[in-house]
């Protein structure tokens, strides 16, 4: 918001208040305990993965350091890797540019107190309650070439899930089906919190519906936008269950998360190699995390 | 009925059992697992007590033993319990059953065997068995084979024999892969069973003319196509080449392997379209509904026929040997995944364990098992087959005639190679059969990376 940034330089440097010893104990506990948990359960394993990515290890016998070999093989002789990278990008873009605006659109419509709004809300929100694994299962039934509902109803004979040119898009429809409901409910909550008076004020100033929304209401939704953006990025990067249910993430449905699982978990046990893929995913996530943090701190610093 | 083999479970499939994975290096310093790798190492660390190479001299105690079973589904679980109960009653020995979900069991087999394994445990014949036997994790059961050996064909004995020439495995059930069809369809249209590749192709053409899909294809899960690769490779290049190829000793870019894929590519026009989007159950439905003429598959396909058309469909289901391609090898080999049991090298009570294995390798035990599941048969030659279905009887014949029995691609090679290389590669081939050279180049490069530990 522009007003805060303008007033920011005027703030005089404040004197740091001294903490009592009780304060320090409380602070140490309250910051220290979560910090330890984060270190132990998030950064520990993450750094562990980085370490493992430079080894060859089957989980039981001795580890063997191999330098960058895993990364090199990943990029050169592992055919599913580059498609998986692309699919993750496409996944993220579709969620961000198609599903999210659609969710916002539905939220705006349902916010207008149209008749039966609660029924519609429930219908659109229902998929969110289902796990993605279940969503995958439901859509498998719809998409099946020989017995699926879509081909039965339309008389078409499209190989929705088996044709690697279209199956990613078919799955994205399913994933979006769920994502739209999620985004809708987030925006709906945000819209309910928008002060009616500013909408009235906009109307009095002669703004049409479109202007009122984009120039008055939408800017006030900023906190929700941040949450939505974070949620969308997370959903885009962690996408896994739905393709795993459909075909274990092969044949056009490769995703980084699935490659990690297929290599590490269970039978394959290429832990070093799988960790290298995990590190790639970590780096991609870090790009988003760092961008987000830089943005946030910039504003706080400016305040 | 979902049996131990994941290939039979309807809902999901974990392609290559167990984490027999990478690094054949000596198991030193298992305790030195990186502390930071919390989730992964926790499991390994928990079970990382106990020594490594056990050797073949197990203690011959006759106390109580435990039996590790991967039969977590109701019907086979009950069958296994009945087998064990019968043994307990007959021998007076004490056996406790430790049942683990079969996917979990396979995924954790490596750390399980390095830790505190059950005295007798379920596993697979062939490469998978040898992998553990060669590491000294399994106990020598040659003395059991001295007693039961006469009841098994040479092929079964070979699949229970490790590199050192001793036996480490006792088979309890298997099922063959073949070309399945409906007798009524062949009778109606006057089709003959093909015995050569040319006849197979011309039969396919005839079926196409008659409006049938000649060969069913459902490779969504990635493993069913392995069966077609196996049989083509064994027909064209023979069993010995097949096993050494899967052991990483031959080049995937060799002319032999190219020949296999070329032959396969020529049959592609007769395969069901869209095979990568169809699971095997849907493929089987096509055969059941007489829309598809034939299907290269395991006998577990009969699960889809059980109960259909008032039981008549199952009786109508039949199979024939995949036709010969190369006269040198004829039809001497077959895929027949075999399940059975091994003994832990660490057992204190090898006496009881061997008694149990001897019983499990007997016709009596196999009969109990095959009565529960009609899509498997018992490997012993003296099993009473009078209660078998026609299909079960024919399966026995088929395997009996085979000189060599392979297990299945994902059981005959390293699991990491099967699941992370072969599944995507075979799917890439089905998608674009013209791209053989590139696909084989990729396989070979990855094989080198995986097999040269």
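The values are calculated or read from the model by the stated rules, or taken from the named source; none is laboratory data. Computed from a predicted structure; not experimentally measured. Note: ideal-geometry Cβ built from the backbone for every residue, glycine included; neighbour counts use all protein chains shown.
Answer with yes or no whether residue A:186 is at pLDDT 90 or above and more than 14 Å from chain B (Cβ to nearest Cβ).
The answer is yes for residue A:186.
Evaluate region B:366-379: report whether one residue or more is farther than 24 Å from residue B:129 by Cα and without any contact (Cβ under 8 Å) to a residue 24 or more places away in the chain.
no
Confirm whether residue B:292 is more than 22 Å from the chain's Cα centre (by Cα) and surrounded by 19 or more Cβ atoms within 10 Å (Cβ to Cβ).
Yes.
Here is a check on your reading of the model: is residue A:259 within 14 Å of chain B (Cβ to nearest Cβ) and in contact (Cβ under 8 Å) with a residue 12 or more places away in the chain?
Yes; evaluated as a whole, the condition is true for this residue.
Of the residues A:235, A:254, which single one is closer than 27 Å to residue A:101 by Cβ, within 14 Å of another protein chain (Cβ to nearest Cβ) and modelled with pLDDT of 85 or more?
Exactly one of A:235, A:254 is closer than 27 Å to residue A:101 by Cβ, within 14 Å of another protein chain (Cβ to nearest Cβ) and modelled with pLDDT of 85 or more, namely A:254.
Answer yes or no as to whether residue A:246 is touching a helix residue (DSSP H, G or I) at 6+ places or on another chain (Cβ under 8 Å), within 14 Å of chain B (Cβ to nearest Cβ) and at pLDDT below 90.
yes
Among (1) under 17 Å from residue B:362 (Cα atoms); (2) in contact with a helix residue (DSSP H, G or I) (Cβ under 6 Å, 6 or more places away or on another chain), there is one condition residue B:70 misses while meeting the rest; what is its number?
Result: residue B:70 fails condition (1) only.
Kindly indicate which of B:89, B:82, B:157 is touching a residue at least 60 places away in the same chain (Cβ under 8 Å), out of contact with any strand residue (DSSP E or B) (no Cβ under 6 Å at 6 or more places or on another chain), surrounded by fewer than 20 Cβ atoms within 10 Å (Cβ to Cβ) and assigned by TED's automatic domain parsing to the domain that holds residue B:364.
Sole residue among the options that is touching a residue at least 60 places away in the same chain (Cβ under 8 Å), out of contact with any strand residue (DSSP E or B) (no Cβ under 6 Å at 6 or more places or on another chain), surrounded by fewer than 20 Cβ atoms within 10 Å (Cβ to Cβ) and assigned by TED's automatic domain parsing to the domain that holds residue B:364: B:82.
Against the definition (assigned to a helix (DSSP H, G or I) and either within 14 Å of chain B (Cβ to nearest Cβ) or surrounded by 13 or more Cβ atoms within 10 Å (Cβ to Cβ) (or both)), how does residue A:79 come out, yes or no?
no
Take region A:219-251 and flag every residue that is without any contact (Cβ under 8 Å) to a residue 60 or more places away in the chain, on the phi < 0 side of the Ramachandran plot and not in a helix (DSSP H, G or I).
Once the filter is applied, which keeps residues that are without any contact (Cβ under 8 Å) to a residue 60 or more places away in the chain, on the phi < 0 side of the Ramachandran plot and not in a helix (DSSP H, G or I), region A:219-251 yields only A:221.
Just need a number here: residues in region B:108-130 that are at pLDDT 85 or above and either assigned to a loop (DSSP other than H, G, I, E, B) or under 12 Å from residue B:69 (Cβ atoms) (or both).
9
Collect the residues in region B:300-310 that are surrounded by 11 or more Cβ atoms within 10 Å (Cβ to Cβ) and either touching a strand residue (DSSP E or B) at 6+ places or on another chain (Cβ under 6 Å) or not in a loop (DSSP other than H, G, I, E, B) (or both), keeping them in residue-number order.
Residues satisfying the conditions are B:300, B:301, B:302, B:303, B:304, B:305, B:308, B:309.
Starting from residues that are within 7 Å of chain B (Cβ to nearest Cβ), surrounded by fewer than 18 Cβ atoms within 10 Å (Cβ to Cβ) and not in a loop (DSSP other than H, G, I, E, B), keep the ones in region A:49-68 and report whichever is modelled with the highest pLDDT.
A:51
Based on this model, can you work out whether residue B:444 counts as more than 14 Å from chain A (Cβ to nearest Cβ) and surrounded by fewer than 24 Cβ atoms within 10 Å (Cβ to Cβ)?
The answer is no for residue B:444.
Let me spell it out: the conditions are (1) within 14 Å of another protein chain (Cβ to nearest Cβ); (2) under 25 Å from the mean Cα position of the chain (by Cα); (3) more than 30 Å from residue A:139 (Cα to Cα), and residue B:261 meets all of them except one. Which number is the exception?
Result: residue B:261 fails condition (1) only.
Looking at (1) at pLDDT 90 or above; (2) surrounded by fewer than 24 Cβ atoms within 10 Å (Cβ to Cβ), which is the only condition residue B:452 fails?
(1)
Assigned to a helix (DSSP H, G or I), at negative phi, within 14 Å of chain B (Cβ to nearest Cβ) and at pLDDT below 90: which single residue out of A:161, A:134, A:168 fits that description?
Result: A:134 is the single residue among A:161, A:134, A:168 that is assigned to a helix (DSSP H, G or I), at negative phi, within 14 Å of chain B (Cβ to nearest Cβ) and at pLDDT below 90.
Of A:196, A:287, A:216, A:283, which residue is outside the structural domain of residue A:162 (by TED's automatic domain parsing), surrounded by fewer than 19 Cβ atoms within 10 Å (Cβ to Cβ) and over 30 Å from residue B:416 (Cα atoms)?
One residue alone meets the criteria, A:287.
Among the numbered conditions (1) surrounded by fewer than 20 Cβ atoms within 10 Å (Cβ to Cβ); (2) at pLDDT 95 or above; (3) assigned to a helix (DSSP H, G or I), tell me where residue B:191 comes up short.
(3)
Are any residues in region B:222-232 assigned to a helix (DSSP H, G or I) and under 14 Å from residue B:410 (Cβ atoms), and if so, which ones?
Matches in region B:222-232: B:224, B:225, B:226, B:227, B:228, B:229, B:230.
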